[in-house]
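For reference, the structure is listed below as structure tokens.
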Amino acid sequence: MSRSRTPVALALALAALGAACGLAGSAAAAAPASSPSPASPVATVTSDANGRFSLRLPSVATTTHWTLVAGSALGVPDMLTAQVQLTEKMSLPTVITGFSASLDQYGQVTYSGCLGLRRGIPAPVAPKLSAPMIQYEAQPSGPWQTLGTAALAEVACGNRGEKFSGTLQAKLNLAYYRAHFAGGSTGTQAPATRYLAAASQPVLAWKLADRITSFSPSPTTVAKNRKLAVKGVLQFYHSGWQALAGQPVLIIFQFTGSSTWYYITQVKTVASGRFSATFTDPGPATWAAEYLGDSSHLATVSPMVYVTVR
């Protein structure tokens, strides 16, 4: 009779022990490895005519080592004691709650949420899970693509969870976002404990795309302290490019040799989306027009044009 066997799965190990005992109607008992004796087992079972048995052990939210005992230790006469120890590996369900994502006019996605264990799952300590990934898709049918790794905030939330929040640069002006935890064995629980994958509900975040076209200063070579005129057109995209009226546009410039941008005036677009301004040229510089966006529109900057002063 084999007294020890390395199990590949809990049910197989139990069956192997029963077959090894080889006695019909014999009792087997299971107790945690820390239990001082099989006198007060967690569960008992009786083998069938072939000496086989199966036993459902109680769920424990951590890795547990079980001792299975059969034979004289349980009061079975004329039968040697058989004993084997098993490791019960736990796979704990996780959940992402409270996920939110919003897109600002500068194309930054701000996200937040909570990654933890599913409600009702006990855990002696917080698992300290690895950070989820922030993903996006262009349409509800997918595919999901990774935008970046979420930043953990070291703030407790949910059931043994941790908050995450941060900002990432968006790839699209309209997209669905979610947080996705891939699962795995990382965490502060016993090494054999695994954590199941989880994903938040998708959230739609968007802004209308904008552009400034036909921007031109005139003339592109101007005499010192003479007038410079600029013009352009502000548009937004919705089933094609359309005029964006009544919006403020900054006329900005950067002096030659400088890294700083200044604005010289602000104008408003008319019904056709056009804008124009005339002012005294301040010196040799690169010029552009900038729209800062709003709650529905992305910011945009025109192509840059250099103006020479003679």
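Points worth noting:
- Qualifying residue in the stretch 107-117 (condition: closer than 30 Å to Gly240 by Cα, of a type in the set (Gly, Ala, Ser), touching a Lys or Arg at 6+ places or on another chain (Cβ under 9 Å) and in the same structural domain as Ala288 (by TED's automatic domain parsing)): no
- Some residue of the stretch 254-268 being surrounded by 15 or more Cβ atoms within 10 Å (Cβ to Cβ) and charged (D, E, K, R): no
- Check on Ser295, under 41 Å from the mean Cα position of the chain (by Cα), part of a loop (DSSP other than H, G, I, E, B) and polar (S, T, N, Q): yes
- Pairs with Cβ under 7 Å, 6+ apart, first in the stretch 42-67 and of a type in the set (A, V, I, L, M, F, W, C), second part of a loop (DSSP other than H, G, I, E, B) and at pLDDT below 65: Ala49/Ala24; Trp66/Ala33
- Residue in the stretch 173-192 that is of a type in the set (A, V, I, L, M), touching an Asp or Glu at 6+ places or on another chain (Cβ under 9 Å) and over 22 Å from Ser112 (Cα atoms) present: yes
- Scanning the stretch 244-264 for residues that are over 21 Å from Leu234 (Cα atoms) and of a type in the set (Val, Ile, Thr) yields Thr256, Thr260.
- Taking the criterion of being in contact with a Phe, Trp or Tyr (Cβ under 6 Å, 6 or more places away or on another chain) and not in a strand (DSSP E or B), the only residue of the stretch 248-282 that qualifies is Thr269.
- Here Thr110 meets the list (1) in a loop (DSSP other than H, G, I, E, B); (2) of a type in the set (S, T, N, Q); (3) surrounded by 14 or more Cβ atoms within 10 Å (Cβ to Cβ) almost entirely, failing just condition (1).
The values are calculated or read from the model by the stated rules, or taken from the named source; none is laboratory data. Computed from a predicted model, the values in this text were never measured in an experiment. Ideal geometry is used to build each Cβ from the backbone, glycine not excepted, and the neighbour counts take in all protein chains shown.
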